[in-house]
Amino acid sequence: MPAKPLQPVPPGGRIGILGGGQLGRMLALAAARLGLATHIYSDSAGTPAAAVAAHTANGGYDDERAIAAFAAGVDVVTFEFENIPLAAVDAALTHAPVFPPRRALEVAQDRWLEKSFLSELGLTVAPFAMVSSEADLATAMQTVGTPAILKTRRFGYDGKGQARLATAADAAAALNELAGAPAILEGLVPLAAELSVIAVRGRDGAMACYDCPANVHRDGILHTSTVPSGLPDAVHGEATRIARRIVTALDYAGVIGVELFLTQDGRLLVNEIAPRVHNSGHWTMDACITSQFENHIRAIAGWPLGGTARHSDAVMTNLIGDDAAPWRDLATEANLGLHLYGKGQARAGRKMGHVTRISPLRQPRRNAKDSTR
Ligand code: AMP
């Protein structure tokens, strides 16, 4: 049970964030705009978030004492990446409320749990089967078929921890690539498009969605998110209904990213959920009055949600590796929002920043703010 009553955190209050990456950085900037101070807990020093936070604590994510002490110094705790141990959340909960809820983190951390949870909600996911051994993989290939993707159950991100199987002959190589980690086999779905729902739910159950962006990945990493998506209204309506079902089932508070596949035969499948602000929602910083970061802070702090309407069309492009090197040229573009994460060294595959190019609104936004209670 949280030790502190669930009063809204007023201006001057303290937000605790577990994790120090760029998502923590942008959350801290949004919190500062609302007069809230951010405390960052991270296992490394000199993080992107620490550079803009009021206070930083360093320690392991398995150091439950240090996490409890960190939580004692703030009014509410959140997290900015999925691989926070549940025990860390439990330690934080002894001193402060934690949002999004523990259950959302538990489900999102394990692809097997996640797919099972989504299926039990009556949502459609790609065919999947659990793989803990070579024998399991042989059985899974029969039920799921090929082509397929073998994905580690835990600790996969940006396409990491995945091996594709074109035919059954690739099984040994795929298992080898994952080095025996518990996995699921997932049927490869013929995609027409990828989209996501960036939804926010307040502590009072009020819910709002941003327009669904169409997402393009390169090498398993998000490359662009575009609004309007160009997809039919019916797809957006269904996507929003899916997100509402998920956040209601989890009694969620905060921003959630729901990644969806639109199949070539017109079905909408849930790929995965991210119980945090999401890369495909970064465009909201430049194209909406309230960004996903501010709405996450508002939601976890018990504030009313901010408007999610889009005032501009937008294309967000991630700056990965050397993409941020021409920052000077990017800075000359008039309708471009430039966001650099303050990371020292550009490495291949490392997210260094993003840009959002905005243009006048061509279509009205689709998802009206809706209240579920
Ligand atoms: P993930 O890490 O599971 O989100 O996968 C990263 C990207 O790989 C997705 O955004 C898709 O582009 C692609 N992908 C993953 N799973 C599937 C699948 N079952 N069918 C088709 N494409 C997939």
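Computed values, structure above
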quantity: Cα lying deepest toward the dipole's positive end in the range 232-324, options 305, 236, 293, charges on Cβ; calculated: 305
quantity: Label-point separation, residue 311 to residue 359 (7 Å along Cα→Cβ), nm; calculated: 2.0 nm
quantity: Low-density loop positions, trypsin sites (Lys or Arg not before Pro), the range 285-370 - DSSP coil, at most 11 other Cβ in 10 Å; calculated: 347, 362
quantity: Theoretical FRET efficiency, 1/(1+(r/R0)^6), r = Cβ-Cβ of residue 33 and residue 132, R0 56 Å, to 0.05; calculated: 0.75
quantity: Among 216, 250, 172 the positive-end extreme of the charge dipole of the chain (Cβ point charges); calculated: 250
quantity: Positive-end residue, the range 81-239 charge dipole about Cα centroid, Cβ charges, pick of 187, 207, 100; calculated: 100
quantity: Residue 56 long-range amide H proximity, modeled H, under 5 Å; calculated: 40
quantity: Selection of trypsin sites (Lys or Arg not before Pro), the range 123-209, meeting DSSP coil and at most 12 other Cβ within 10 Å; calculated: 160
quantity: Nearby aspartates and glutamates by direct alpha-carbon distance to residue 151 (threshold 17 angstrom, same-chain neighbours under 8 apart not counted); calculated: 82, 110, 114, 134, 136, 170, 177, 186, 219, 259, 272
quantity: The range 214-270 shape via C-alpha gyration tensor axes, a/c threshold 1.5; calculated: oblate
quantity: Share of carbon and sulfur in the accessible heavy-atom surface of the range 173-254 [1.4 Å probe, %]; calculated: 52 percent
quantity: C-alpha center-to-center spacing [the range 27-49, the range 257-309] in angstrom; calculated: 20 Å
quantity: Assigned charges on the beta-carbon of Lys, Arg, Asp, Glu; the chain dipole about Cα centre (debye); calculated: 860 debye
quantity: Gyration tensor (alpha-carbon) shape descriptor, the range 50-136, a/c threshold 1.5; calculated: prolate
quantity: Accessible area per residue, Å², the chain with all protein chains present, probe 1.4 Å; calculated: 41 Å²
quantity: Cα shape, the chain, gyration tensor, a/c 1.5 rule; calculated: rounded
quantity: The range 105-147 - percent of accessible surface contributed by carbon and sulfur, probe 1.4 Å; calculated: 52 percent
quantity: Long-range amide H partners of residue 125 with built H, under 5 Å; calculated: 270
quantity: Low-density loop cleavage sites - GluC sites (Glu not before Pro) in the range 259-344, where at most 15 other Cβ are within 10 Å (DSSP); calculated: 333
quantity: Derived scalar couplings ³J(HN,Hα) [the range 131-144; Karplus, 6.51 cos²θ - 1.76 cosθ + 1.60; whole Hz; x for Gly, Pro]; calculated: 10, 10, 8, 4, 5, 4, 5, 4, 5, 4, 5, 6, 7, 8
quantity: Under Karplus coefficients 6.51, -1.76 and 1.60, residue-wise ³J(HN,Hα) of the range 212-223 in Hz, glycine/proline x; calculated: 6, x, 8, 10, 10, 9, 10, 6, x, 10, 4, 9
quantity: Rounded percent of accessible protein surface that carbon and sulfur make up, the range 18-80, 1.4 Å probe; calculated: 48 percent
quantity: Whole-Hz couplings from phi, Karplus 6.51/-1.76/1.60, listed for the range 299-307; x for Gly and Pro; calculated: 4, 6, 8, x, 8, x, 6, x, x
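The values are calculated or read from the model by the stated rules, or taken from the named source; none is laboratory data. Quick caveat, the model's predicted, so the values are computed rather than measured. Neighbour counts are summed over all protein chains in view; Cβ atoms, including those assigned to glycine, are modelled from backbone coordinates with ideal geometry. Only protein heavy atoms, including side chains, enter the accessible area calculation; ligands, DNA and RNA are left aside. Shrake-Rupley method; radii C 1.70, N 1.55, O 1.52, S 1.80 Å.
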